Amino acid sequence: MTEGVGVLLVAGYRREMNKQEEENVDKMIDYYANDCVAFSKDQLCFGHPDSKFKIDHQQVKLWETYQEVILAKQKASRIADGAKEEQSDKDKKYAKLLGIVVRSCKGPGKSAGVAAIIIHFMCFYGRDQLNMTTAPKFDQIVDILFRSIQGLIDESFRILGKASIPWNFLGKQRDRIYKKVGIEKDKWSSTCVMLARTSKASNGNVNADALQGYHSPYQLIVIEEGWGVPRIVYQALTTTLTKEVNLAIIIGNPTNNDSYPNDAWVSEYWLPIQFNLDSSNIITQESKDRIKNEYKNYPNLYRVFVDGLPPLEDNDTIMRFSRICECFNLELQPETYNKEPKILTFDPGMGGDNSVIGVRQGMKWLEFAERKCVDTDINIDFCKEFITIYNPDRIGVDAIGIGKGVYDGLVKDYGEKVRKVNFNDGQTFKEENFKNKRAELFMKLANSVNAVAMSFPENMRLKGELNAIKLISDKVPLQIISKPDLRKELGRSTGLADVCAMSMDFDDIVIKQNIVDTAERYHEAIEDGRSFLSA
């Protein structure tokens, strides 16, 4: 069941085709409909000398696997309608699949690879499609995946001109990709579409209903950054895959080792594909070495973003890596934080360490900034720059050692807004529960992170720093790894994590936490999690 392109090519060339040309077009359609790899190379121009889109062997494997699944499902559909065809054991297995799950490292062109599949699927498999893409954040769909789709279409037109099939076939709005061929113009954005949808957390609940009710004979569901998508969303999505030629593709960095994609990885109803850094032929060796060097001291970052493997959860790590990553995917609605006080925390550095600033409002971190500062005055100016931008209600400064002069300088201009945060391991703390102030503040931060009650902007090194904070003793008083030992282990200061923990010193500020525990929000369907693997 493929879709002719003659009409649109006629529109492109502004003339009627003769019979021979129509036959040639039909052959071309059948050829590309049955060969996603050829389509990606010839029409999307992957690997073309004039194209910016390089072709990775791992992308090719994904395209080949997708094509095999589609052909097997089409054959099963024809047999169900009475056709007499041979069906191999592999065909039978693939026809029953829910889809493909891809564990990916950083940088092998995974979004472009999936974008090619979306374009291929929408071009050749009928006019009646209700396809859907979801991700932890809406912007991850429209700014990454949909932009990749548009980039491929534009590149195809730039190189092939009006002979470009995808340019003739597809159009784009912000939240959807739609088909134009053979469809009345007033129905372009509704009849055959790929919709961008995400479940919004509202009062602690995941709205999976927004992702249900879509059914069509040919249907493709793509889950971007799938390890950050709640289980209950997968339940909603997989129960829509009820027709013969329906399938899903889960793809992303495997940041969570307790998630539906990990269950799917070992399920008979999903095909697993592994992308890793060393296998990529589009990433230069120089870039590979740089990425490995960047993550070498952060074991879980290395596993996830170099090897494409799920993280290991260390018993002595006070913040779980999977929860840290969920905090980076967490979207807080403005009304949950925009009336809360702004807190700026500053860890001054000189010599080998950068000075680090963090700004949060309520439980949303707005920005982190680092700068090399060579003396007290430059540190003060750096901090004042961000005080001017954000006008914080409270300013916390690590006032030990070199920070004392910075603290004194800021107090002159901002008075009682400025507070010392005595954040060194040698500080004696009055509370008996903690070895020192540093242990107290990091344990408070851990409570918020492990409950997924904080939202961070993307910052890869911060993920590693938070995950590196370890518990040395779980007996009272609680003790965490010292800053010198942590520096020795990581080869650098943990200023980003430090400013996060410092902000927890502001107990006098009432912060609304309208986020319930992750176990309730994200795992309310965990008891049913295995059952819908075979839905």
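What strands (runs of 3 or more DSSP E), lying completely within the stretch 87-173, carry at least 2 residues that are outside the structural domain of TRP63 (by TED's automatic domain parsing) and crowded, with 21+ Cβ neighbours inside 10 Å?
Counting at least 2 such residues, we get no strands (runs of 3 or more DSSP E) at all.
Acidic (Asp, Glu) and at pLDDT below 95, is that true of ASP35?
Answer is no for this residue.
Taking helices (runs of 4 or more DSSP H) that fall entirely within the stretch 244-345, which contain at least 3 residues that are without any contact (Cβ under 8 Å) to a residue 40 or more places away in the chain?
Once the helices (runs of 4 or more DSSP H) in the stretch 244-345 are filtered for at least 3 residues that are without any contact (Cβ under 8 Å) to a residue 40 or more places away in the chain, what remains is 285-295.
Report the residue count in the stretch 357-394 for those that are touching a Pro at 6+ places or on another chain (Cβ under 6 Å) and β-branched (Val, Ile, Thr).
0
Looking at the stretch 177-204, which of the residues that are basic (Lys, Arg) and closer than 17 Å to ILE223 by Cβ is modelled with the highest pLDDT?
Among those residues, the one meeting the criterion is ARG197.
Among ASN329, ASN315, ASN338, which is the only one that is closer than 20 Å to LEU445 by Cβ, loosely packed, with under 15 Cβ neighbours inside 10 Å and polar (S, T, N, Q)?
Working: ASN329 fails: loosely packed, with under 15 Cβ neighbours inside 10 Å; ASN338 fails: closer than 20 Å to LEU445 by Cβ.
Exactly one residue qualifies, and that residue is ASN315.
Table: residues versus (1) aromatic (Phe, Trp, Tyr); (2) surrounded by fewer than 21 Cβ atoms within 10 Å (Cβ to Cβ).
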position	(1), (2)
LYS404	no, yes
PHE456	yes, no
LEU462	no, no
ASN467	no, no
LYS475	no, yes
ARG487	no, yes
VAL499	no, no
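The values are calculated or read from the model by the stated rules, or taken from the named source; none is laboratory data. Note that the coordinates shown come from a computational prediction; the quantities given were computed from them, not determined experimentally. Every residue, glycine as well, gets a Cβ built from its backbone with ideal geometry; the counts of neighbours run over all protein chains shown.
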